[in-house]
Amino acid sequence: MRRSAVLTMLAAIPAISAGAAVPREPFAKAHVFWMARAQSGAGEARLAEIDVWAEGTRLRAQVRGEPQVGEFSGLASQALHVAGGKVDPPRRKTLEHALQLALAAAPVLPHTNSDRIAGRPCRIVVEPLQAGITMTRCIWRGLPLSVELHDKDFSFHAAAMLVEEGAVALADLQPPAGAPAAPPAMSAGR
């Protein structure tokens with residue numbers, strides 16, 4: 001049994017490092033309020049308040065007070081950045097890029113450590129990403145409650161300050177006006 005667990009873990013490593021699609025764990029029905037800090041090089045740190053709404057396979061996140069940033073919407077393993085009604089890949093080493101990485105599906109590896117964030121138990125997942133970037137997330141029922149992303153000259157930290165379980169309405173999960181429709185294969189029916 002131990003050997004099969006090791007083989008499963010070794011088989012997962014190339015998929016994780018290559019950025020392959022990972023099936024998304026169903027989300028808790030929740031509204032999570034994050035405080036985030038991003039800093040590139042010696043530049044000034046950017047602070048943001050972020051609302052994340054989730055239920056089942058639907059996810060939506062928005063930076064409070066900054067409508068120009070756009071929204072993040074996730075049905076597949078990667079969250080999409082939608083700005084001005086169009087899917088817009090964010091520039092690297094920005095708050096938007098870090099948010100897109102933070103909201104992507106997390107690989108489920110056996111024997112992960114656990115912690116408690118905002119009163120909720122979560123499992124710690126450390127992921128090596130491309131170009132020497134390391135991301136550590138604490139995942140609760142599919143949602144990251146804390147995120148640390150490090151590169152040699154970029155850092156991003158976000159943590160849940162408030163988790164409202166069961167406080168999501170269908171309107172919270174709708175994409176912004178003018179956003180492209182999701183492909184039929186990605187639509188979640190009830």
Where in the stretch 17-108 are there GluC sites (Glu not before Pro) that are in a DSSP coil and have at most 10 other Cβ atoms within 10 angstrom of their Cβ? Glu44
When Lys and Arg each count +1 and Asp and Glu each count -1, what net charge do the other residues less than 14 Å away from Thr136, Cβ to Cβ, add up to? -2
Looking at the square roots a ≥ b ≥ c of the eigenvalues of the Cα gyration tensor of the stretch 21-176, which shape do they give, rounded for a/c under 1.5, prolate if a/b is larger than b/c, or oblate? rounded
Less than 12 Å Cβ to Cβ from Gln62, Lys/Arg counted +1 and Asp/Glu -1: what total charge do the surrounding residues give? -4
Which distance in Å, rounded to a whole number, links the C-alpha centroids of the stretch 30-46 and the stretch 115-130? 17 Å
Give the long-range amide H neighbours of Ala79: residues separated by 5 or more places, or on another chain, with amide H under 5 Å away, using H modelled in the peptide plane at 1.01 Å from N. Ala104, Ala105
Residues with beta-carbon under 14 Å from that of Glu148, excluding Glu148: net charge, scoring Lys, Arg +1 and Asp, Glu -1? -1
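Only the coordinates and a few stated rules stand behind these numbers; no lab work does. Only a predicted model underlies this, so the values are computations on that prediction, with no experimental measurement involved. Please note: Cβ atoms are built from the backbone with ideal geometry, for glycine as well, and neighbour counts cover all protein chains shown.
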